[in-house]
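Only one structure is covered here, and it is reproduced in the block below.
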Amino acid sequence: MSTARRDFLKQAGLMGSIAMLGGPGAGAMASGTKLASASEESLPLQAEETPKYHIKFAVCGMSHDHIYGMVGAIQRGGGELVAAWGSEEDKIAAFTKRFPNARIVKTQDETLNDPSIQLVLSSQIASERAPLGVRAMKLGKDFLSDKPGITTLEQLAEVRKTIAETKRIYAIMYSERLEVKAAVYAGTLVQQGAIGKVIQTINIAPHQIFQHSGVAGGGSGRPDWFWNPEQYGGILCDIGSHQVDQFLFYTGSTEAEVVESQIANVRHPDHPRFQDFGDMVLRGNRGLGYVRLDWFTPDGLGTWGDGRLFILGTDGYIEIRKYTDVAVKPQGNNLFIVDGKQARSIDCNNMPLPFGPQFVGDVVNRTHVAQDQAQCLLAAELVIKAQLAAKRVTLQ
């Protein structure tokens, strides 16, 4: 138990109350039975990897503010932003303020036809990303899409066909794993066998529609396309893609199916086709998964979502509190691990983020170190199928 939690319980008078309660748990506490050891620690400060390569890249579509994190990752990896195109004047103005040295072009073709550009990034309207990526690959460029990178099975088939024909990379920025330090460190622990064989992942992914600040995509309200499932893909396809990527990565599943899925619109009658709740059950060849998604994060949390990941292993388990530790501390990247010896709380904020340097290296070396191509597209396939098969539920 952390010092903050222990102090809270003492101040509330609960420690004594627990000792007075019946049952073996209370008796053990009252009699002073030794509990498993626990520790609080922080990862040592680690410098970001020095870029080994240099590439030129462009932005072609900036409809979602996730583009800022995408650009930042590629710049950390050695990428030089040389041009940008957008279809919304307010987005162009904000982007220009953030990146004043980027050349703003008037058409998509000016980025796609520029032979000096090796990589194209896009957070264009979700349903338009895959067709844009196909064009980019056919013109000899790699492509990094915001999630969801693909919204229909027809688009998915065309992406796979174009990859096979061109040998280009079609990547999707699943940032809730690739750009969250605690999630990166969880991957290291899993690969080291720290909790044995992974059995199941549980992802709880609440989001906030109207944010007061930040660049996660809601600081200035939501655009019209956000409410249209044909354009944003639906809740399972959209924010669910982050979570299914994690399920595949941590379990190591190379094959998987959607066992069950459901969606609902509970509180947005003014947008009757919008989905503000969804969940799904997944079964992979190497593990199981459950995902819950919603748009109900209250203002009192202080951030856009209390995202949590639980990884159950045969010899222990991991929990990640990604963006805050509710009522304890506002910082994110909190990892908790319990194994056969002890329970540990680990502050992961000093962990470097490897995606940018690895992905730039992939562009140069024609490798797939930063993101497995098959796994990336399998995640997209599963959430599209979950969306298509979802039962629409109406709550009374």
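The values are calculated or read from the model by the stated rules, or taken from the named source; none is laboratory data. These figures come from a predicted structure and were not determined experimentally. Using ideal geometry, Cβ is built from the backbone for each residue, glycine included, and neighbour counts are taken over all protein chains shown. For the accessible areas, the whole protein counts, side chains as well, though only heavy atoms, and no ligand, DNA or RNA atoms are used. Shrake-Rupley method; radii C 1.70, N 1.55, O 1.52, S 1.80 Å.
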Checking residue 92 against (1) of a type in the set (Val, Ile, Thr); (2) assigned to a helix (DSSP H, G or I); (3) closer than 22 Å to residue 359 by Cα: exactly one of these is not met. Which one? (3)
From the list 163, 202, 150, pick out the single residue that is touching a residue at least 60 places away in the same chain (Cβ under 8 Å) and crowded, with 23+ Cβ neighbours inside 10 Å. 150
Checked 103, 76 against criteria (under 26 Å from the mean Cα position of the chain (by Cα), over 20 Å from residue 134 (Cα atoms), of a type in the set (Lys, Arg) and open to solvent by 30 Å² or more (accessible area, probe 1.4 Å)); the one match is 76
Can you tell me which condition residue 257 does not meet? The list is (1) acidic (Asp, Glu); (2) at pLDDT below 95; (3) more than 21 Å from residue 226 (Cα to Cα), and all the others hold. (2)
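Listed here are the residues, each with its yes/no results for (1) under 18 Å from residue 171 (Cα atoms); (2) in contact with a Cys (Cβ under 7 Å, 6 or more places away or on another chain); (3) outside any helix (DSSP H, G or I).
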{"residue": "53", "(1), (2), (3)": "no, no, yes"}
{"residue": "56", "(1), (2), (3)": "yes, no, yes"}
{"residue": "69", "(1), (2), (3)": "yes, no, no"}
{"residue": "87", "(1), (2), (3)": "no, no, yes"}
{"residue": "100", "(1), (2), (3)": "no, no, yes"}
Looking only at the stretch 299-318, decide whether some residue is in a strand (DSSP E or B) and more than 29 Å from residue 193 (Cβ to Cβ). no
State whether one or more residues within the stretch 221-237 are open to solvent by less than 40 Å² (accessible area, probe 1.4 Å) and within 26 Å of residue 360 (Cβ to Cβ). no
In this structure, does residue 394 turn out to be open to solvent by 50 Å² or more (accessible area, probe 1.4 Å), modelled with pLDDT of 95 or more and of a type in the set (S, T, N, Q)? yes
Residue 213 fails exactly one of the following numbered conditions: (1) open to solvent by 10 Å² or more (accessible area, probe 1.4 Å); (2) at pLDDT 95 or above; (3) among the polar types (S, T, N, Q). What is the number of that condition? (2)
List every residue pair whose Cβ atoms sit under 7 Å apart, with the two residues 6 or more apart in sequence or on different chains, where the first one lies in the stretch 53-81 and is of a type in the set (Ser, Thr, Tyr) and the second, anywhere, is part of a helix (DSSP H, G or I) and open to solvent by less than 10 Å² (accessible area, probe 1.4 Å). 53/360; 53/361
